[in-house]
Amino acid sequence: MEYATLNNGIKIPYIGLGVFRLTDDKIAYDTVRMALDVGYRHIDTAMIYENEEAVGRAIRDSGVPREEIFLTTKLWNDDIRKNNVQGAFESSLQRLGTEYVDLYLVHWPVKGKYVSVWKEMEKIYAGGKTRAIGVSNYLEHHLEELLKTASIVPAVDQIELHPYLNQEKLVNYLHKKNIVPEAWSPFCAKKNNLLEEPILKKIADKYSKTPAQVVLRWDIQRGIVVIPKSSNLLRQKENLDIFDFKLSEEDMKRINSLNRDQRVGSHPDEITF
Ligand SMILES: NC(=O)c1ccc[n+]([C@@H]2O[C@H](COP(=O)([O-])OP(=O)(O)OC[C@H]3O[C@@H](n4cnc5c(N)ncnc54)[C@H](OP(=O)(O)O)[C@@H]3O)[C@@H](O)[C@H]2O)c1
């Protein structure tokens, strides 16, 4: 495993396991246990995924020391609107059954709240029960506003990012601000046939890798942490096995050229939830 370093010195594994849509307790538990067994040390959940309890139990039962695991959860929009930031954080810790998380993220930039919520996040960080704080789905204009009054620069911005939405401008901005970009839905959540893309298949053949591995490698070579979801043992292993090859500059450019600015999720300025 290789690590990125957050702006407060904390290390984050470049590959994590995403657990969105795993609302069935048993499937969520088994998925996380399997992942920890095959070597994952970074799990990305959220209050809204309704699996914090199962994720926490899987971590405790795994036998992997808690300090070896990088655990992220997120503050949901309703709690932001209700000004229930501290309460939501404590409830997440309780469900996860852990004394601390490694990263706590504001899940979406809620209109009228995306700056003020950061003051509450800074208080949570000062409380010492999260090792880092960050945001998710913040665009450059949200961050510019937030940074005007922030005492702490967000450690991470977790954004939708894949070859059909390469986010080049936002990623450059984040690197400049010392905010680590994290890619969600790196495979387009299996929509739009991304992994059937001929260019990706061709590049994959060249390196004796799969299109999925090429996509993940493209992320980490751009300095982007990535959190693919898989509940399948072989695909979990496949997604970790990306540290023994390097894409050429030319192949990186070919993958960048697939960009269509096409989202599978909501535009952060147009959320209806
Ligand atoms: N911050 C946010 O707003 C936000 C939004 C969405 C997602 N996320 C995070 O990002 C994580 C990942 O995104 P996602 O779950 O939407 O989608 P994703 O990781 O792009 O795609 C997951 C899909 O790809 C399949 N898959 C996994 N590895 C594969 C491989 N090597 N080859 C072929 N297919 C493969 C999985 O099936 P199997 O399980 O059968 O392998 C699953 O159907 C989420 O779980 C969540 O943690 C965050």
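Just how far, in whole angstrom, is the stretch 197-211 from the stretch 159-181 if you go by their alpha carbon centroids?
Centre-to-centre distance over Cα atoms comes out at 23 Å.
In Å, what Kirkwood hydrodynamic radius results for the chain from the alpha-carbon pair distances? Write down the numbers at each step before the final one.
Working: mean 1/r = 0.0532 Å⁻¹.
Radius from the Kirkwood sum: 18.8 Å.
Binned at 5 Å from 0, what are the whole-percent values of the Cα-Cα distance distribution for the stretch 135-178, short to long?
Computed distribution, short to long bins: 5, 21, 36, 24, 9, 4, 1.
Tell me the label-point distance for the pair Asp61, Asp205, using the 7 Å Cα-to-Cβ offset, in nm and rounded to one decimal.
Here the answer is 4.4 nm between the modelled labels.
Considering only Ala126, Ala212, Ala58, give the residue with the highest GNM mean-square fluctuation for the chain, with springs between Cα atoms whenever their separation is below 10 Å.
Ranking Ala126, Ala212, Ala58 by mean-square fluctuation puts Ala126 first.
Once you've got the Cα coordinates, tell me which of Lys26/Lys176; Lys177/Lys209; Lys26/Lys169; Lys202/Lys229; Lys176/Lys202 are over 31 Å apart.
On the way: Lys26/Lys176 42 Å; Lys177/Lys209 33 Å; Lys26/Lys169 40 Å; Lys202/Lys229 24 Å; Lys176/Lys202 33 Å.
Exceeds cut-off: Lys26/Lys176; Lys177/Lys209; Lys26/Lys169; Lys176/Lys202.
Whose amide H sits under 5 Å from the amide H of Val106, counting only residues 5 or more places off or on another chain, with H placed in the peptide plane?
Leu75, Gly134, Val135, Ser136
Stretch Phe273-Lys253 to full length: gain in nm at 0.36 nm per residue minus the Cα-Cα span?
My answer for the length gained is 3.6 nm.
Per-residue HN-Hα couplings for the stretch 150-157, Karplus 6.51 cos²θ - 1.76 cosθ + 1.60 at θ = phi - 60°, whole Hz, x for Gly and Pro?
Each residue's phi maps through the Karplus curve to give 6, 8, 10, 6, x, 6, 9, 10 Hz.
For the stretch 136-273, what is the convex hull (Cα atoms) projected area averaged across all directions, in square nanometres? Don't jump to the answer; show the numbers that get you there.
Working: hull surface 37.0 nm².
So the Cα hull casts an average projection of 9.3 nm².
Quick one: pull the percent of accessible area on the stretch 3-270 belonging to carbon and sulfur, 1.4 Å probe, ligands and nucleic acids left out.
After summing per-atom areas, the C and S share lands at 49 percent.
Find which of Leu195, Phe245, Asn259 sits farthest along the positive direction of the dipole of the stretch 120-273, computed with +1 on the beta-carbon of Lys and Arg, -1 on that of Asp and Glu, about the Cα centre.
Phe245
Quick one: of the DSSP bridges fully inside the stretch 1-142, what percent are antiparallel, nearest 5?
Once the DSSP bridges in the stretch 1-142 are tallied, antiparallel ones form about 20 percent.
By how many nm would the segment from Asn178 to Arg235 grow when fully extended, if each residue of separation counts as 0.36 nm and the alpha-carbon distance is taken off? Don't jump to the answer; show the numbers that get you there.
Numbers: separation 57, 0.36 × 57 = 20.52 nm, distance 3.15 nm.
Result: 17.4 nm gained on full extension.
Give the relative contact order (percent, whole number) for the chain; include only Cα pairs under 8 Å separated by 6+ residues.
19
If you roll a 1.4 Å probe over the heavy atoms of the protein chains, what accessible area per residue do you get for the stretch 3-270, in Å²?
Dividing the accessible area of the stretch 3-270 by its residue count gives 43 Å².
In Å, what is the Rg of the alpha-carbon atoms in the stretch 2-98, and how long is Dmax?
In Å, with Rg to one decimal and Dmax whole: 13.5, 40.
What is the Cα coordinate range of the stretch 66-215 on the first, second and third principal axes, sorted by size from largest, in whole angstrom?
50, 35, 26
Taking amide H positions as placed in the peptide plane 1.01 Å from N, state which residues far from Val180 in sequence (5 or more) or on other chains have amide H under 5 Å from it.
Here Asn7, Val156, Asp157 satisfy the definition.
Report the extension gain between Glu68 and Lys169 in nm, rounded to one decimal, defined as 0.36 nm multiplied by the number of residues separating them, less their alpha carbon distance.
Computed gain between Glu68 and Lys169 is 33.0 nm.
Under 18 Å between alpha carbons, and skipping anything fewer than 8 positions from Lys148 in its own chain: which aspartates and glutamates qualify?
Glu120, Glu122, Glu140, Asp157
The values are calculated or read from the model by the stated rules, or taken from the named source; none is laboratory data. Treat the numbers as computed from the prediction; the structure is a model and nothing was measured. Note that we place each Cβ from the backbone using ideal geometry, even for glycine, and neighbour counts take in every protein chain shown. Keep in mind that these areas ignore ligands, DNA and RNA; they rest on the heavy atoms of the full protein, side chains included. Shrake-Rupley method; radii C 1.70, N 1.55, O 1.52, S 1.80 Å.
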